[in-house]
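Working notes, structure below.
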Amino acid sequence: MATPLVAAVRNPDVRRLIGATSCSALASGIFLGALPLAVAERGGGPLQVGMVSAALTIWWIVSMPLSALVDRWGVGLTLRVAAPLRIVALLVIAAHAVVRGEASIAVMGAGALAYGLVDVVTDTAASALPALVVDEDRYDEAYSLFYTVNRVADLVLGPSAGALLLVTERWLPFVLAGLLLAVSYAAYARFFTDPRAARVSSTGEAGGWFTRITAGVRHVWDDPFLRAVVLTLTGIVIAEEIVAVVVTPYFRDGSGRSDWAQMLGFIRSGTGIAAVVAALCSGALARRFTRTRTLSVVALGGALCPAVLAIAPHWLPVLGALTIAAVAESLWVPLVQSEVARRTPPHLMARTRAAMMFITWGTLPFTSLVGGGIAQAVGVRPVLMAAAIAALASCALGIWRYAGWRSNARRAVRAEH
C-alpha cells in the first residue's frame, strides 16, 4: 500500500504544481539571496537593505483589495496575466549592473517596488490554486510536498547560487531568476483554462465593495484557529523580518571574513537540509502529537531565533539561528496552509489568504525601515532581543492561548461524559 506522500505524488495535478512551484521558488531563492548582497556590495548598510526590503513588501498593505480581484477574475486568469510581469521587474533590477554609485541602489529599489506589487497578486493566486485542484484528503501531504520543493529551491539551492552568480556578474542572478519564472509560467499554463481554477461565484455574498473586500478578514477573525494563527504570526513575522534585514550587514561587519557574502550564502543553503526534513515530517508530527501541540512548539522556536542570532556575528550562531527559523517555518506553513484550506470556502480562498498576509505582513515595510534604522543607530543586538520578546508575546496571545482553550474544552467534554 502506497504511503500518503507517494499517493499524493501520483496525482498529475500535484506533479504539475510541484514543477511550477519548484521553478518559481528557485527563482525567488536566487533573487532574494542576491538582492541584499547586491545592496551591501554597493556599500549599503542596514537602512539601505531595509529600504529595499520595504519596497518588496509594502504592497501587502493593499493585499485585500488585490485579492478581491483574484477572486473576481479567477485564479487561472490572474496567473495568466500577472505572472509574466514579475520577469519584467527582475530585468529592471538587473539593470543596476550598468549604473554607477548609489544610483544603483535606487534602481534596485524601483525594481523591487514593481516586483512586490506583481508578486502580491501572483502569490495570492498561486497559494489559492492547490486548494481548488487537489482533493481535500490529500491536503496535508500535498502542501508538505509543495513546501519541501520550495525549501530545497529557495533555501538549499537559491541563496548560494545567487551569491555565486552575483560574484560572477552583477546582473546574472536576476536574469537567471527571470528565465526560471518563465519555465514556471509554462508549468502553470495547464490551469489557466481549468474550470476548477475559474471564478467561483457565491450567491450568499451581499453588500458593497468594502464588505466584499473585508470578507476574508471576518472569516479569519470568526474562526478561533485562524485567529490564533494570525495573532501568533504578527510577532513571529516581525522577528523574522528583523533577522532578514540585519543579518547581512551584521555578518559582514562582525565575521571578519573577506568572503563573507559567499559564506552567508552557503550558511543559508545549509539550513535547507533540516528544513526539507522538517517539511516532509510535518504531517506525521501532526498526526502523532496533534496539530495544535506541534504548532505550539514550533512557534517557540521561531520566537527564539533572534535571541540566538544576537549571541555573536559569527558563523555558528548565524547558522543556528537561521536553521531554527527555517525548521520552524517548514513545519508551520504546511500544517497551517492545509488547515486554512479545509476551513475556507472556495469563493473566499484568495481573500482569506490575503487577509492573513495583510494582518501579519502589513507591518513589514514599517519593520524593515524602523528596524534597520534603529539597528544602524544603536546596534543590532538590542533590536534582535526586542524582536524575540515581541515574538514570545504574540505566541502567548495566539497559538498557546488557543492550545489552552482546546485542552480545557476537551477536559470539559470528558468530565461531562
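The values are calculated or read from the model by the stated rules, or taken from the named source; none is laboratory data. Please read these numbers as outputs of a predicted model, since none were measured by experiment. For neighbour counting, all protein chains shown are included, and Cβ atoms are generated from backbone atoms with ideal geometry for every residue, glycine included.
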Practice task
Evaluate the stretch 391-403: report whether one residue or more is touching a residue at least 40 places away in the same chain (Cβ under 8 Å), over 17 Å from Ile238 (Cβ atoms) and touching a Gly at 6+ places or on another chain (Cβ under 8 Å).
Solution key: no
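Is one or more of the residues making up the stretch 257-273 among the β-branched types (Val, Ile, Thr), farther than 30 Å from Ile374 by Cα and either in contact with a Phe, Trp or Tyr (Cβ under 9 Å, 6 or more places away or on another chain) or outside any loop (DSSP other than H, G, I, E, B) (or both)? I'd like the intermediate steps shown before the answer.
First, pick out the residues of the stretch 257-273 that are among the β-branched types (Val, Ile, Thr): 267, 271, 273.
Then keep just the ones that are farther than 30 Å from Ile374 by Cα; that gives 273.
Checking which are either in contact with a Phe, Trp or Tyr (Cβ under 9 Å, 6 or more places away or on another chain) or outside any loop (DSSP other than H, G, I, E, B) (or both) leaves us with 273.
Taking every residue of the stretch 257-273 in turn, at least one turns out to be among the β-branched types (Val, Ile, Thr), farther than 30 Å from Ile374 by Cα and either in contact with a Phe, Trp or Tyr (Cβ under 9 Å, 6 or more places away or on another chain) or outside any loop (DSSP other than H, G, I, E, B) (or both).
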Practice task
Kindly check whether there is at least one residue in the stretch 343-362 that is buried (at least 24 other Cβ atoms within 10 Å of the Cβ), charged (D, E, K, R), under 20 Å from Met64 (Cβ atoms) and within 13 Å of the chain's Cα centre (by Cα).
Solution key: yes
Fill in the blank from the handout: Here the residues within the stretch 1-53 that are among the small types (Gly, Ala, Ser) and outside any helix (DSSP H, G or I) are Ala2, Gly43, Gly44, Gly45
Handout entry: Condition check for Ile374: surrounded by fewer than 23 Cβ atoms within 10 Å (Cβ to Cβ), hydrophobic (A, V, I, L, M, F, W, C) and within 15 Å of Tyr250 (Cα to Cα)
Key = yes
Problem - Qualifying residue in the stretch 280-295 (condition: surrounded by 24 or more Cβ atoms within 10 Å (Cβ to Cβ), at pLDDT 90 or above and not basic (Lys, Arg)) - result: yes
Handout entry: Qualifying residues in the stretch 297-342 (those that are surrounded by fewer than 24 Cβ atoms within 10 Å (Cβ to Cβ) and in contact with a Cys (Cβ under 8 Å, 6 or more places away or on another chain)) - the one nearest to Trp405 (Cα to Cα)
Key = Leu300
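Yes/no per residue for (1) in contact with a helix residue (DSSP H, G or I) (Cβ under 8 Å, 6 or more places away or on another chain); (2) of a type in the set (A, V, I, L, M, F, W, C); (3) farther than 26 Å from Ser258 by Cα:
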| position | (1), (2), (3) |
| --- | --- |
| Ala27 | yes, yes, yes |
| Leu37 | yes, yes, no |
| Trp59 | yes, yes, yes |
| Ser63 | yes, no, yes |
| Leu66 | yes, yes, yes |
| Ala82 | yes, yes, yes |
| Met108 | yes, yes, no |
Problem - Failed condition for Thr3, given (1) more than 30 Å from Glu136 (Cβ to Cβ); (2) free of Cβ contacts under 8 Å to residues at least 40 places away in the same chain - result: (1)
